[in-house]
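Data first, discussion second: the structure below is written as structure tokens.
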Amino acid sequence: MPQISQRLWSYHHKKEDLRHTAIFGCESHDGMLESRFQTLGHPRHQVVQENGSLYRIPMESINLEDKLSRFTDHWSPRIIARLNGQDVKLAKFSGAFDWHSHRDADELFLVLKGAFRMEFRDRAVDLREGEMIVVPRTVEHRPVAEEECAVLLFEPAGLLNTGEEPTSDRTTSGSWI
Ligand code: NI
């Protein structure tokens, strides 16, 4: 282990709980070191390791209004939290999205502001503020918003919004804000 890592290891032994040390004590590449520093500097964040990837869980409130005010574009989800391999995302919808499906993922949509319609090939479901829907895997769907609306999504991390369809200029798995 590099020297800095050893110092942090002993720091954790003295100051932090052993669970932390178990997570941070073994690896040494740059990302891991950065995460150690972030954790030391920001004790309200807990770094979690899952399936070889690391992410931070902020142990403080996440204000949805504030997060929504940070972007204006449509059909471009922003990640605001990650837990158990799933992402919590915010998105703004306006107009019609691409028809698509997800082979291995169910998708949750919760309307925060406004309203939209979830279209399926054989019917549609209107969703108003405070309502949500779960679209099962493999089912073709497209959200349509007559007017701009704000939606919270909950789905597996890395899921592409256009599913298994050919990628388009709207294809994304989201970016953190
Ligand atoms: Ni979808």
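Screening the stretch 79-119 for residues that are part of a strand (DSSP E or B) and away from the ligand (no atom under 16 Å from the Cβ) and picking the one that is surrounded by the most Cβ atoms within 10 Å (Cβ to Cβ) gives ILE80. Contact annotation: residue pairs with Cβ atoms under 6 Å, 6 or more positions apart or on different chains, pairing a residue in the stretch 122-138 that is within 20 Å of GLU165 (Cβ to Cβ) with a partner that is surrounded by 13 or more Cβ atoms within 10 Å (Cβ to Cβ) and of a type in the set (Ser, Thr, Tyr), are THR138/SER101.
Applying a threshold of 6 Å to beta carbon distances and a minimum spacing of six or more residues, or different chains, the list of pairs starting in the stretch 156-177 at a residue that is touching a residue at least 60 places away in the same chain (Cβ under 8 Å) and ending at one that is of a type in the set (Val, Ile, Thr) reads ASN161/THR172; THR162/THR171; SER168/THR162; GLY174/ILE79; TRP176/ILE79. Within the stretch 40-47, not a single residue is surrounded by 15 or more Cβ atoms within 10 Å (Cβ to Cβ), modelled with pLDDT of 85 or more and within 14 Å of the chain's Cα centre (by Cα). Across the stretch 120-176, the number of residues qualifying as in a loop (DSSP other than H, G, I, E, B), more than 14 Å from the ligand (Cβ to nearest atom) and modelled with pLDDT under 95 comes to 3.
The values are calculated or read from the model by the stated rules, or taken from the named source; none is laboratory data. Just so it is clear, the model here is predicted, and its values are computed rather than measured. Virtual Cβ from ideal backbone geometry, glycine too; neighbours counted across all protein chains shown.
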